[in-house]
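Since the structure comes first, as structure tokens, the remarks are kept for the end.
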Amino acid sequence: MAEAECESQADDNPEFSELGAHELVLLVEELSRSNGVLKAETEMFQRYISRLDPKDLAPAAAAEPTLGVSQAEVTQGQGQARGRSKSKSRSFTAERLQRLTVEQKCDVAQRELEETREDLGRLKEASERVLNNYRATTEEADIRLVEIKKATYEFERDVARVLQEKRGVMMGAEKVVRYIEDRTRAKDTLAEKLRLKNAALKVQKKKLQMQLRQKEEMGEALHEVDFQQLKIENSQYLEKIDERNQDLLRLKLLAGSTLQVLNSFKKKLQSTTHESNLLDNEIASRRDMLVKIEAEAVQAEEERAKAEALNRRLRGQLSDYRVPQVLEYVHGKVRHCELEQSVRVWERKVEISEMALKTHLKAWNKLKASSGQQQDWVPA
């Protein structure tokens, strides 16, 4: 398509009729590149003109042919690309408009470069402010998260653990209300401290502003280099503060975990101490039992010795014992039966005597009652 267009232009323009289609395509591409460069220069120059004040543009009205070269070059490129007619092309090429010099182009490019750098600086400052705001928000969220975790742990430790025990509902409610009141008072105290600190910072800010105003009036104001140095130092200090805040948060988390481990070890120590006390009591009871067992063992040893002595004596007697004769056994048995018979007789006699004694006692008592005596005679 480009070759067909170039051939049609070559037919209209006799100067290009001698060139081939490939050469015409190369020429068109070169003109397109030059037009792109001129367009970029024109846009840059328009931006440069838009930044100037109207008062600065009034004296430059006489130099309008010089400042409008880019547009003429664009028009020239378009005329060469289109190739409408031979007379128009010749009249356009005959015009020799005055172009910008290299120094002027460099000046415009330098100013645009400075403006672009300033825009980038402002954009960087704005992005840094937004980033700092996001960082501050993130740090605030982290601090609030740590505070919430701490408050949750304290609530679980002081209130929830008590409520889990078997106690009255009113006591648990009073515990919760007291805890909330304590937290509210702590928040009020912290708000009052922050308010006083904010007031002190405002007073310090006013003093610094007055000092800065006095220095500006005396001509001792800081230069831009000093401000840049202060900005660099401020950024360094902010980075150090961020690092210290991160270290502080890490240490707080480490302290919280250490406190939890310490509480667990305290519980283990209490259980171990209780178990140790039980073991001490058991050891003491076992020792008492051991003393008793040793005493019983000594007593058993003594009894064993006595039993062995008795056993030896009985064995000696058994070894010395002789079985009596049968006749002696019969005489002993007869004597034993006679003694038993005599014992029964004497027992019967005793019973008869007791009955006679009771009869005589009754008669005696009757005699004493009849004679007026009041005391009964009782045998010893």
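The values are calculated or read from the model by the stated rules, or taken from the named source; none is laboratory data. Values in this document were obtained by computation on a predicted structure and should not be read as measured data. Here Cβ is always computed from backbone atoms with ideal geometry, including for glycine, and neighbour counts include all displayed protein chains. We work out accessible area using only protein heavy atoms, side chains counted, and drop any ligands, DNA or RNA first. Shrake-Rupley method; radii C 1.70, N 1.55, O 1.52, S 1.80 Å.
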- Item | Residue that is open to solvent by less than 90 Å² (accessible area, probe 1.4 Å) and modelled with pLDDT of 90 or more, where the choices are Leu314, Leu357 | Leu357
- In the list Arg129, Arg51, Arg33, which residue meets the criterion of being of a type outside the set (A, V, I, L, M, F, W, C), open to solvent by 80 Å² or more (accessible area, probe 1.4 Å), at pLDDT 80 or above and closer than 30 Å to Lys231 by Cα? Arg129
- Query: Which one is nearest to Glu140 (Cα to Cα) among residues in segment 230-250 that are open to solvent by less than 90 Å² (accessible area, probe 1.4 Å) and acidic (Asp, Glu)?
  - Reply: Asp242
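Okay, residues lined up against (1) of a type outside the set (Ser, Thr, Tyr); (2) open to solvent by 100 Å² or more (accessible area, probe 1.4 Å); (3) under 22 Å from Asn132 (Cβ atoms); (4) at pLDDT below 85:
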{"residue": "Thr189", "(1), (2), (3), (4)": "no, no, no, no"}
{"residue": "Ala200", "(1), (2), (3), (4)": "yes, no, no, no"}
{"residue": "Val203", "(1), (2), (3), (4)": "yes, no, no, no"}
{"residue": "Leu208", "(1), (2), (3), (4)": "yes, no, yes, no"}
